[in-house]
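What follows is a single structure, written as structure tokens, with notes after it.
None of the figures in this text is laboratory data; all of them are computed from the coordinates on show. Small disclaimer: the values here were computed from a predicted structure and weren't measured. Neighbour counts run over all protein chains shown; Cβ positions are idealised from the backbone, glycine included.
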Amino acid sequence: MKKQHLISFIMLAIVLFKVSSQELPRIEADPYYLAIAGHSTELSEDEFIHASVYASGSDNPEQYILQFKELIGTLNQALTSGLTEYEKGEAILKYLHDNLFTVYEEDQTEIDTVLRTGRYNCVSSAVIYLAAGRAAGLNLQGVRTTDHAFVSLISSGSIIDVETTNIWGFDPGQKKEFKDSFSGSTGYNYVPPGNYRLRQDISDRQMIGLILQNRIAGLQRRNNHRESVPLAIDRFVLTGSREAGKDMYDTFSNYASRLNGIGEYEKGIDFLLKVMDVWGSSEKPLAALEALVHNQLLSLVEKGLSEDALDYLDRIASGNYLSDESIRTNRAMIYDRKTVDLLNAGQDFPVIEDFLRKTYEEGYLSNSKWIEYTVYNYIKEAERLANNQGWLQAYLFVSEGPSEIRSNSKYRQLLNSCRNNYIVTVHNSFADYFNSGRYDEAEAVVREGLAIAPDDKTLTSDLQLIQRKNTH
């Protein structure tokens, strides 16, 4: 069991090292998508085929573009002449399922994978059907719902839906006759129409964007947020849709949050600052930036680098991405820790007192914190004075404390402690003089003590003792 735990720990360490050692992802738009997004007309047949393979992330796009075109050419040759548009649309779907599509896989959106293995989903099958049908002269329209994609044939003023994931999906809702190739008997297939209440016609660019969207979703399910960043940018550039823009910003914040989770604060900050300089800011990336900045500053102050933390905060704040509240909260956190460091480092009392007063007046220390730290500063200085100059000087110093701290219980305890220790010192001196027969000096020292603590019973008793001695 221990060995298994060790192996798991090593594997986790390897994963974290790989994440932390990676370079930042590409944040500029791919020139290819800029080019095909730059004109207002729909994509040509060649552009659509090329874009679908390119968006699939193929290692050898030219090979699959050629294979895609060869498939379409073979399909067109196989179509019987004289077919109506309805018949042609149905024949194309059946051909693709007989000769290309083999197994439906929900996440298999890449066109090159379909061409290589036959595995497909609604997006990849719809893209291939669109390209093949248009090459055959059909007027086809890509359609999407919240979680599905399909195609519509526009013919003679009618709209005929095509569920490309099903061999019998042409014009769903209609009973389809078929003849069994083995027995020769005739049967029927029926594909029910989908729930298309939220259907939306989409452009060719948006259809290609669905390939990118599905790839992004797959990467995010595997926690690979780094590689999803450039794909999200490309999808936004290609489609220009509000949805793609929102998803792009979500991808930025997801990757930054991933870096935050493994302690790569500076890397996450660097990424967000760069990406927002290019693509602008949005709510989620800004929230991720503030979380990263806070953790980076916290890591600095925990190392005793409060001044470095203040400089870092000022530099990031100059970019105008942090909210005023975030800046104020972080500065207060740094000043709070700097105060503790100053107190623990034994800085001179006036230095700490001035720092506390300035920080308090600027609003970075609450009243309760200012009182707490001021009292602690008095405690440290009282200890120093008691060691170097005696308890009288410590008591006189503490008794001059500002009015704002005098009701504090620890301050009152300090004041009483200094007073009591001074009284003990006076009493001990009195006892030494008295026991050695130096009565005048004994009386002088006790009267000096009573001038400071006139109501103290111990010193009053000492004075009475020496007075009785002097009368005999």
Restricting to Cα atoms and excluding each atom paired with itself, what does the Kirkwood estimate give for the stretch 70-155 in Å? 13.1
What distance in nm separates the two pseudo spin-label positions at Arg26 and Asp270, each 7 Å out from Cα along the beta-carbon direction? 2.0
Among Leu289, Leu24, rank each residue by its count of other Cβ atoms within 10 Å, from fewest to most, as a rough exposure measure. Leu24, Leu289
Cβ under 12 Å from Cys122's Cβ, Cys122 left aside: what net charge do those residues give with Lys, Arg +1 and Asp, Glu -1? -4
Search the structure for amide H atoms under 5 Å from the amide H of Phe170, placed 1.01 Å from N in the peptide plane, and list their residues when 5 or more places away or on another chain. Glu163
Note to self, the chain gives a 222 nm [θ] from helices alone (DSSP H runs n ≥ 4, -39500 (n - 2.57) apiece, / all residues, nearest 500) of -22000 deg cm²/dmol
Could you tell me how far the Cα centroid of the stretch 417-431 sits from the Cα centroid of the stretch 363-404, in Å? 20
Rg/Rg_globular for the chain, with Rg_globular taken as 2.2 N^0.38 Å and Rg from C-alpha atoms: 1.77
So which of Lys303/Lys410; Lys267/Lys303; Lys380/Lys457 end up more than 23 Å apart, counting from Cα to Cα? Lys303/Lys410; Lys380/Lys457
Alpha carbon centre of the stretch 318-336 versus the stretch 126-165: separation in Å? 53
